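First up is the structure itself, then whatever we jot down about it.
The values are calculated or read from the model by the stated rules, or taken from the named source; none is laboratory data. Since this is a predicted model, take the numbers as computed values, not measurements. We place every Cβ from the backbone using ideal geometry, glycine too, and count neighbours over all the protein chains shown.
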């Protein structure tokens, strides 16, 4: 529609103005194009979809610390390969190096978005599904009093960090209800 | 020509209207030269604090006093409905022996690999 409207049909249009009118067909088509772009821009500015992610430090995978041999690898070996820890603490058997990393993902959709164009100002028009999850992870490296690795352990919460819109499902509750069903069947 | 200019201006404004780049940091940058100037077996607690200021945290680990300095840097990018925020830290540990002399220096710099990204998927 725009292409046919914007095609010049008269040589006078090449100057952008017709000889008889202050607002010729080409001006009108450009105006409509501008209005269209503004509508699209305003629409996208408050768009109904959001994918957001927050990452704190790089994820350390088990293969990144596969070089660690308890009883042999030292603190300096670990620092040289993995970097300085985020925290050092003490335990009864020796120092502990903490490596923290986090991956947070959230997804939001507003199904009431289109209602904005029809509802009067002040009337609520949001129908939002929104879910986020933070997969906080930690690598703990336990050392003996001579700063030699005794053990390394990962805390795994990566499944908490996924893009999901549906906020109502709860695996723990559904598992419980299945157990209840099983109990009832006896 | 003026029409094209208007169009380009509006297009730019439309594309930039859903755009944001954010930068934030916690703490001053740890100066690598100041860190290198700290000498094992020579520098004292006073030398360290004169160069680097008061530590952010003091911990007692394995009968050693350790000064920890840290800094966080944040880069965030948003384009339309995609947003990604990356945060990384630099950590400096200075280990003192029982006489208050530097026994060890451990410096980990992650912020030099911090990137502006907006695409939230993938690694």
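Has segment B:65-82 got at least one residue that is surrounded by fewer than 18 Cβ atoms within 10 Å (Cβ to Cβ), more than 30 Å from residue A:103 (Cβ to Cβ) and in contact with a strand residue (DSSP E or B) (Cβ under 6 Å, 6 or more places away or on another chain)?
Within segment B:65-82 (the criterion being surrounded by fewer than 18 Cβ atoms within 10 Å (Cβ to Cβ), more than 30 Å from residue A:103 (Cβ to Cβ) and in contact with a strand residue (DSSP E or B) (Cβ under 6 Å, 6 or more places away or on another chain)), the answer is yes, since at least one residue qualifies.
With respect to residue A:112, determine if the residue is within 28 Å of the chain's Cα centre (by Cα) and within 14 Å of chain B (Cβ to nearest Cβ).
no
Has segment A:75-95 got at least one residue that is in a helix (DSSP H, G or I) and modelled with pLDDT under 55?
The answer is no; no qualifying residue exists.
When residue B:76 is evaluated against the numbered criteria (1) farther than 20 Å from residue A:60 by Cβ; (2) within 14 Å of the chain's Cα centre (by Cα); (3) without any contact (Cβ under 8 Å) to a residue 12 or more places away in the chain, which criterion, by number, is the only one it fails?
(3) is the only condition that residue B:76 fails.
Given the condition buried (at least 18 other Cβ atoms within 10 Å of the Cβ), part of a loop (DSSP other than H, G, I, E, B) and at the interface with chain A (Cβ under 7 Å from one of its Cβ atoms), answer yes or no: does some residue in segment B:90-112 qualify?
Among the residues of segment B:90-112, at least one is buried (at least 18 other Cβ atoms within 10 Å of the Cβ), part of a loop (DSSP other than H, G, I, E, B) and at the interface with chain A (Cβ under 7 Å from one of its Cβ atoms), which makes the answer yes.
Quick one: residue B:94 ticks every box in (1) over 22 Å from residue A:143 (Cβ atoms); (2) under 24 Å from the mean Cα position of the chain (by Cα) bar one, so which box is it?
All conditions pass for residue B:94, except number (1).
May I ask you to say which residue of B:85, B:9 is on the phi < 0 side of the Ramachandran plot and either more than 9 Å from every other protein chain (Cβ to nearest Cβ) or not in a strand (DSSP E or B) (or both)?
B:9
Which residues, counting only those in segment B:26-63, are under 17 Å from residue A:86 (Cα atoms), within 14 Å of chain A (Cβ to nearest Cβ), touching a helix residue (DSSP H, G or I) at 6+ places or on another chain (Cβ under 9 Å) and touching a residue at least 40 places away in the same chain (Cβ under 8 Å)?
B:30
Residue B:48 passes all but one of (1) assigned to a helix (DSSP H, G or I); (2) surrounded by fewer than 18 Cβ atoms within 10 Å (Cβ to Cβ); which number fails?
Going through (1) assigned to a helix (DSSP H, G or I); (2) surrounded by fewer than 18 Cβ atoms within 10 Å (Cβ to Cβ) one by one, residue B:48 breaks only (2).
Looking only at residues that are part of a strand (DSSP E or B) and at pLDDT below 95 in segment B:24-45, which one is surrounded by the most Cβ atoms within 10 Å (Cβ to Cβ)?
Here the answer is B:25.
Which condition number in (1) within 26 Å of residue A:52 (Cα to Cα); (2) in contact with a strand residue (DSSP E or B) (Cβ under 7 Å, 6 or more places away or on another chain) is the one that residue B:121 fails?
(2)
Which is under 11 Å from the mean Cα position of the chain (by Cα) and within 28 Å of residue B:49 (Cα to Cα), of B:101, B:87?
Going through B:101, B:87 in turn, just one is under 11 Å from the mean Cα position of the chain (by Cα) and within 28 Å of residue B:49 (Cα to Cα): B:87.
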